[in-house]
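So the structure is just underneath, and the comments pick up after that.
The values are calculated or read from the model by the stated rules, or taken from the named source; none is laboratory data. From a predicted model like this one, the values you see are computed outputs, not experimental measurements. Counting neighbours? That spans all protein chains shown, and the Cβs are built from the backbone with ideal geometry, glycine included.
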Amino acid sequence: MSVLGADSTIRYFAHNEVRPSQKEMVEDAIETLLEDGFLLASAPTGIGKTAASLAAAINAQRASSSKLKILFLTGRQSQHKIVIETVRKINQRIAENESPLLVVDLIGRESMCKNVDRLSGKCDCEEGLDRDMRDQMRSALREKMFRNPMHVDDVIKVARSSQICAWSNSREAAKSCDILICDYNHVFIESVREASLPTMGVELDSTILIVDEAHNLPDRVRNGLERRAISRIFRDSRYEVEEHLERELEQIKKTGNELDLSGIEWCKRSLKHLENEMPKWFSAREKELAIIDSDDMRISTRSILDEIDSILNETIDNIPNKEYFQLEKLVSQLIKIRVEASDDDDENEKETSCEKLAFLITTCCQYRDSTALVLVFDKIMDEPRVRCFLLDPGVISGELFSSCRGAILMSGTLFPPDMYADLLRIPNERKITIREYSSPFLSERRPVLIAQNTTSRYTERGEKNTLAIRNHVYELVRNTPGHVALFTQSYSMLDEILEGDFLPWGVRIEKELPRMSKRQVGEMIQRLYQRRRLKEKVLLCGVLSGKLAEGVDYPDNILDAVVCVGLPVPPPSARQDALRDYCEDRFGRDKAGRYSSHQPAVNSILQAIGRPIRKGQDRALVVILEKRLMNRPYKFCLPNSIQSIKTPDEERTSRHTKRFFQRFPEPAIGNE
């Protein structure tokens, strides 16, 4: 239907036409947000979730008697551009008697500033710039940002040409904006939230949250509290303290100013004592691990806290009455330590040893009597290690959702949405709307074939199974006019399948590697377009839940088909056992397996098969090489919208593929 003359529920819709599923989602969201509630929307790719969620949130925002800010939270930078373009279109359509929407697009400081000094925490973006000139230039950029919504890349470009700090300027602009686009971390990671939201004038009780790709949120919250420490962390932390202390002493010599370094000196002595004594504790755990003949084991959170605290108390005469007083004192000193980054530091490693140790102790103290956190002992390269994992993201997210004025959580794989309401502890005393929206084109333009003669079940693997997988892939690639994506449950399985020369002649392989950078992924995607212009086929190879299978957009129908191999069910481990036990205690036995293992595995496949379909006119064939998906318990983890077709062997796959691409031939090449 046309938006012109339509009811007010879509007055802030970005497009001329609104699809039935979009209108339904907008109406549900507005009704829910006006009651300060929560919409959990399982909405397939292509129905236009971004436009629908923004239309609803803006409507609720402007209907409110208090000034609300919309936080659009997304983990994908590609989504930032989509949000900016959508808001631009809304502003073009907004009524003349209404003010346009003011938007700020924000990413991490390391990406927005040219250089950030680890010691001082300052950047050099405005070095040498006169203060009055800086204020004038910042004001001009903010005015430009608000005149027409700007993507963060454009903000960075303008800021650097003017020698001003894009990050500081955007945080200042956020105080006045209507919509702030940023990462989940700004809300759901405590250290980031406390450092960013108050500075930007954002109060959660005055915000509406839109959580994009919300199926990722439980793991993002869990990962925010994941801590690890190898046995030599006490030695490495002492080295950093000594470096910090030397620099402070040099500063005293230069300036003549007296500094109280007694706390740092105590920290150095304490770490030396821990360095000498803690290996005994690690050695005892290694012996326990050997006795049970396992790769890892759960340990008591208090066991390591008590050991460290006991060692620290050995250095004092009067033991404090307050529990873990010495531990808190150690943490307070560790977080003050600043050291320079070495040239050979891993670019992804941002935490110092002191920070790692401080965060581990703090997290363990916070959850010392809670089953929501598990401590795992294992070895990496013969180095004993302790890791802590948050089992229940709801202990963090529940309180935060309770604080906000309402939220829309949406994803093509937010399935089943009530599971995410449970995991995230969405406040059930407020209105909760749970919806699964349909796509009118997916069943026809994205058929799903499920092979009956292949599996990744460990007990059934072998040459015959691998050959069957290769045969399906061969027939799919041979009969597909363009590029095909192949996603497997692990890198080792991918390597096994790609062994030997089994693909049709001329097909090029683009293979994902562990720890690929965003730049490398972007370059790989661009090569798909180059090969399509040359009429060459590419087999794009990656892993389920990897960078190519999630979080990457493939516009212009650049992928003609997707094949997924296996079910990425988590292998047995101390962490996984703890997660299942926790889910059983909290949700009951019937839900424990689904919440902890089965549904996450199936959802990783659903994410992968959603890659090629980005809009209504796209088409792609999906082949899933895993017979277990047709059996309990996994078949109940598939949405009703998945209309699957059984394929008993590669010959049937070949025939289905030929018929599909005869019906939907190769799309026209757009502006690439």
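Filtered by the rule that a residue be closer than 27 Å to D295 by Cβ and among the aliphatic types (A, V, I, L, M), the range 571-628 gives A574, A578, L579, A592, A601, V602, I605.
Within the range 317-335, residues that are in the same structural domain as R302 (by TED's automatic domain parsing) and aromatic (F, W, Y) have Cβ atoms under 9 Å from residues that are outside any loop (DSSP other than H, G, I, E, B) and surrounded by fewer than 19 Cβ atoms within 10 Å (Cβ to Cβ) in these pairs: Y324/D306; Y324/C365; F325/N313, counting only partners at least 6 apart in sequence or on another chain. None of S403, S439 is touching a residue at least 60 places away in the same chain (Cβ under 8 Å), closer than 30 Å to I361 by Cβ and of a type in the set (S, T, Y) except S403.
Is one or more of the residues making up the range 371-391 assigned to a loop (DSSP other than H, G, I, E, B), at negative phi, of a type in the set (G, A, S) and modelled with pLDDT of 95 or more? Within the range 371-391, one or more residues are assigned to a loop (DSSP other than H, G, I, E, B), at negative phi, of a type in the set (G, A, S) and modelled with pLDDT of 95 or more.
Scanning the range 478-525 for residues that are touching a residue at least 60 places away in the same chain (Cβ under 8 Å) and in a loop (DSSP other than H, G, I, E, B), we see that the one that is nearest to the chain's Cα centre (by Cα) is R515. Scanning the range 159-171 for residues that are part of a helix (DSSP H, G or I) and crowded, with 18+ Cβ neighbours inside 10 Å gives A159, A166, W167, S168, N169, S170, R171. Restricting the range 544-578 to residues that are of a type in the set (D, E) and under 18 Å from the mean Cα position of the chain (by Cα), the residue that is surrounded by the fewest Cβ atoms within 10 Å (Cβ to Cβ) is D553. Just for the range 397-412: of the residues that are buried (at least 21 other Cβ atoms within 10 Å of the Cβ) and part of a helix (DSSP H, G or I), which one is nearest to the chain's Cα centre (by Cα)? Per the stated criteria, the residue is S397.
When F146 is tested against the conditions (1) crowded, with 19+ Cβ neighbours inside 10 Å; (2) in contact with a Leu (Cβ under 8 Å, 6 or more places away or on another chain); (3) touching a residue at least 40 places away in the same chain (Cβ under 8 Å); (4) more than 27 Å from F38 (Cβ to Cβ), the lone failure is (1). If the requirement is being surrounded by 16 or more Cβ atoms within 10 Å (Cβ to Cβ) and over 11 Å from A14 (Cα atoms), which of these qualifies: T74, T86? Result of the check over T74, T86: T74. For the range 547-584, the set of residues classified as modelled with pLDDT of 95 or more and among the aromatic types (F, W, Y) consists of Y582 only.
For the range 91-98, does any single residue satisfy the condition of being over 22 Å from T32 (Cα atoms), over 24 Å from the mean Cα position of the chain (by Cα), assigned to a loop (DSSP other than H, G, I, E, B) and hydrophobic (A, V, I, L, M, F, W, C)?
yes
Only one of the listed residues (L312, L305, L334, L360) is buried (at least 19 other Cβ atoms within 10 Å of the Cβ) and touching a strand residue (DSSP E or B) at 6+ places or on another chain (Cβ under 7 Å). That residue is L360.
Can you find a residue in the range 251-262 that is more than 38 Å from the chain's Cα centre (by Cα), in a helix (DSSP H, G or I) and of a type in the set (G, A, S)? Yes: one or more hits. If you check S65, S53 for being out of contact with any helix residue (DSSP H, G or I) (no Cβ under 7 Å at 6 or more places or on another chain) and of a type in the set (S, T, Y), only one passes: S65. Hey, can you tell me all the residues within the range 127-158 that are of a type in the set (A, V, I, L, M) and not in a helix (DSSP H, G or I)? Hits for the range 127-158 are L129, M150. Checked against (1) farther than 25 Å from K627 by Cα; (2) in contact with a strand residue (DSSP E or B) (Cβ under 7 Å, 6 or more places away or on another chain); (3) in a helix (DSSP H, G or I), I469 passes all but condition (1). Kindly indicate whether M137 is within 18 Å of F72 (Cβ to Cβ) and not basic (K, R). Answer is no for this residue. Reported count of residues in the range 229-253, each being more than 25 Å from P279 (Cα to Cα) and basic (K, R), is 2.
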